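Engineer: Below are the structure tokens for one structure; questions will follow.
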Amino acid sequence: MPTSTHVYLRFFIAMVLSSGAISVFAQKNPNYTESAVGTYQLPSPLITNQHKKVRTSSDWNGHRRNEVLQLFKENMYGQFPGPSADMHFVMQKIDSAAVGGLAISKQVRIYLTAGEKGPYIDLLLYVPANTTHPVPVFAGWNFKGNQSVSTDENILVSQTYLDFLKIKKDTLAPARGDQEKCWPIKTIIEHGYGVATAYYGDLEPDYPDGWQTGIRSTLAKSLQLKSTDWCAMGAWAWGLSRILDYLQTDKAVDAARVMVIGHSRLGKIALWAAANDTRFAAVVSNDSGEGGAALSHRNYGQNLKGMITSFPHWYISTYKDYADDINALPIDQHMLLALAAPRPLYVASATNDRWADPYGEFLGAKNAEPVYALFGKKGLGTDEMPAPDTSVGNTIRYHIRTGDHDILLFDWMQYIKFADELVK
Ligand code: GCU
């Protein structure tokens, strides 16, 4: 039997790893002074590798988009494979009176190989109960297992999350409902949307050696990739596409209107998923920071070096080459955001979240505008950071919420309005 000290020690280590608090130890003295950011030159999304100007949406779609995607693959994420051949879905539980009768919940196991040994993704889907037509859905990973998103006792406890904590069910409560404030399911349902979520660790546990037990090992053969051909971010983003594969088969879902969403590192993942998988109708990046919506050439808060030192598994090893020479990086995150074009894109920050560089996130969105303009789509409509708690923009939107690094009801209300106007 583990002693309670052991249990707490393991719990602490797991929390440090999963919260990312470790990065604070790794990057000493992040810059939080605007005047010390200095000058930098962003690579242009609209100049091709052959130095030609991209002038039209067909130049973009026909040529430059793929170049930019390749640059991200070569320098940051590696490959993004197609679906695994023997994927199949097993319905585990349906509750037709979820959320006090407002919703139907489905729990589906997405097996990624033939048979039922795993690996798998345990998907939790809520759709409104009172509609006769398929609904648009917000889809994104959660941090602590499906049981964490609601106190609903019907939600199966994530075994993968328990494995991650290395704690047996009876030694520690499995965080049932402790992420509830980040997943306002009732509100989402009441506005006519579905919500689909799964635990990102189902694909790869989030620590440097996680690839050894994750899909970069277990699916290496069937996907014909070595673990170093891609990265943890790539594996997690790929999993979002597999969730969409299931959603396309569910008659309750309007699969042409699935919006991929994520907070923090899960927001970084959502952006890479949307870049590769144009079936996603829109993308929402909440406080995704460095490696997400924030510009890497801008040295404020977390920087590239700090991130890959703390999380070496998140990106391919080539990305590390830029740690001490950021100016040599031929891409930046505005180009990742531009890969969402012309689909609706929402970037959000929080006032106290200096680590994620709110202004850098705003500038990421701002500098994606020229690509949206090729499609006649309007961006933020301002060059200035908006006042806190004010949503600005059109097809590209932005807000900075008062408060801490988090995804809260205020944020969701903006995403619902955005979806009402642009996606529904
Ligand atoms: C850490 C990490 C960030 C990340 C965050 C999170 O703070 O440094 O890059 O976004 O964890 O995912 O919560």
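Every read-out reported here was derived from the displayed coordinates using simple, explicitly stated rules and does not represent laboratory data. If you're wondering where the values come from, they're calculated on a predicted model, not measured in any experiment. Glycine gets a Cβ as well: all are built from the backbone with ideal geometry, and neighbour counts include every protein chain shown.
Engineer: What's the number of the condition TYR246 fails, among (1) within 14 Å of the ligand (Cβ to nearest atom); (2) touching a residue at least 60 places away in the same chain (Cβ under 8 Å); (3) of a type outside the set (Gly, Ala, Ser); (4) surrounded by 23 or more Cβ atoms within 10 Å (Cβ to Cβ)?
Structural biologist: Evaluating TYR246 over (1) within 14 Å of the ligand (Cβ to nearest atom); (2) touching a residue at least 60 places away in the same chain (Cβ under 8 Å); (3) of a type outside the set (Gly, Ala, Ser); (4) surrounded by 23 or more Cβ atoms within 10 Å (Cβ to Cβ) leaves (1) as the failure.
Engineer: Mind listing just one residue for me: the one in the range 401-411 that is within 18 Å of the chain's Cα centre (by Cα) and surrounded by 24 or more Cβ atoms within 10 Å (Cβ to Cβ) and, of those, nearest to the ligand (Cβ to nearest atom)?
Structural biologist: ILE407
Engineer: Quick check on my filter: what residues within the range 177-200 are surrounded by fewer than 24 Cβ atoms within 10 Å (Cβ to Cβ), touching a helix residue (DSSP H, G or I) at 6+ places or on another chain (Cβ under 8 Å) and among the small types (Gly, Ala, Ser)?
Structural biologist: Answer for the range 177-200, where residues must be surrounded by fewer than 24 Cβ atoms within 10 Å (Cβ to Cβ), touching a helix residue (DSSP H, G or I) at 6+ places or on another chain (Cβ under 8 Å) and among the small types (Gly, Ala, Ser): just GLY177.
Engineer: Still on this structure, I have one more. Tell me which residues, restricted to the range 282-302, are surrounded by fewer than 23 Cβ atoms within 10 Å (Cβ to Cβ) and either within 12 Å of the ligand (Cβ to nearest atom) or on the phi > 0 side of the Ramachandran plot (or both).
Structural biologist: GLY301 - this is the single residue of the range 282-302 that is surrounded by fewer than 23 Cβ atoms within 10 Å (Cβ to Cβ) and either within 12 Å of the ligand (Cβ to nearest atom) or on the phi > 0 side of the Ramachandran plot (or both).
Engineer: Looking at the range 171-222, which of its residues are of a type in the set (S, T, N, Q), in contact (Cβ under 8 Å) with a residue 24 or more places away in the chain and farther than 13 Å from SER158 by Cβ?
Structural biologist: THR171, THR187, THR218, SER222
Engineer: Next question, about the same structure. So which residues in the range 260-281 are touching a Leu at 6+ places or on another chain (Cβ under 9 Å), crowded, with 24+ Cβ neighbours inside 10 Å and among the hydrophobic types (A, V, I, L, M, F, W, C), if there are any at all?
Structural biologist: VAL260, ILE269, ALA270, LEU271, TRP272, ALA273, ALA274, ALA275
Engineer: Condition first: more than 19 Å from ALA235 (Cβ to Cβ), out of contact with any Phe, Trp or Tyr (no Cβ under 9 Å at 6 or more places or on another chain) and part of a helix (DSSP H, G or I). Now tell me which residues in the range 290-322 satisfy that.
Structural biologist: Answer for the range 290-322, where residues must be more than 19 Å from ALA235 (Cβ to Cβ), out of contact with any Phe, Trp or Tyr (no Cβ under 9 Å at 6 or more places or on another chain) and part of a helix (DSSP H, G or I): GLY306, THR309.
Engineer: Select from the range 333-379 the residues that are of a type in the set (Ser, Thr, Tyr) and closer than 25 Å to ASN303 by Cβ and list them in ascending order.
Structural biologist: TYR346, SER349, THR351, TYR359
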